[in-house]
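> Encoded as structure tokens, here's the structure I'll be asking about.
The values are calculated or read from the model by the stated rules, or taken from the named source; none is laboratory data. Please read these numbers as outputs of a predicted model, since none were measured by experiment. All Cβ positions, even for glycine, are placed from backbone atoms using ideal geometry, and neighbour counts span all protein chains on display.
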């Protein structure tokens, strides 16, 4: 049985999350096409996840920079080209992704609040795992 490194697992989780976000975006487009549906109020526990998404993306950049300084390499093939770019660009891209995710889940919550909450929980936990793995593998802390 092959041993899969934590970095490979984290990269697979990020790819799975990207697929989930694309699926959610398709759901938003489908829901927007049906304009006759009234918007339901946003679930209260969704707000924390909407705030956490851009924050976790920013922490991902910080932890990845620490990770790279310790001689490791970027595990996410979609972000590999960005790690050689200025850190400000990396933060812009990642926080932009987090804001787009939050916007998408907020739009889904209008019609499918349960789906939005559970999908946001899933994505928040996965990004938390990626950030945690980066800090643990680089043997460093936030400071």
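> Quick one: how many residues across segment 105-130 are more than 14 Å from residue 45 (Cβ to Cβ) and surrounded by fewer than 21 Cβ atoms within 10 Å (Cβ to Cβ)?
7
> Same structure again: Out of 57, 65, report the one residue that is under 12 Å from residue 134 (Cβ atoms) and surrounded by 14 or more Cβ atoms within 10 Å (Cβ to Cβ). It would help to see each step written out before you state the result.
Details: 57 fails: under 12 Å from residue 134 (Cβ atoms).
Matching residue, one of 57, 65: 65.
> Still on this structure: Looking only at segment 13-27, decide whether some residue is closer than 17 Å to residue 133 by Cβ, outside any helix (DSSP H, G or I) and at pLDDT 65 or above.
There is no residue in segment 13-27 that is closer than 17 Å to residue 133 by Cβ, outside any helix (DSSP H, G or I) and at pLDDT 65 or above.
> Looking at (1) more than 15 Å from residue 137 (Cβ to Cβ); (2) in a helix (DSSP H, G or I); (3) in contact with a helix residue (DSSP H, G or I) (Cβ under 8 Å, 6 or more places away or on another chain); (4) at pLDDT 65 or above, find the lone condition where residue 39 falls short.
That leaves (2) as the condition not met.
> Step by step: first the residues of segment 68-86, then only those that are under 16 Å from residue 131 (Cβ atoms) and under 18 Å from the mean Cα position of the chain (by Cα), then the one that is surrounded by the fewest Cβ atoms within 10 Å (Cβ to Cβ). Which residue is that?
Among them, the one singled out is 83.
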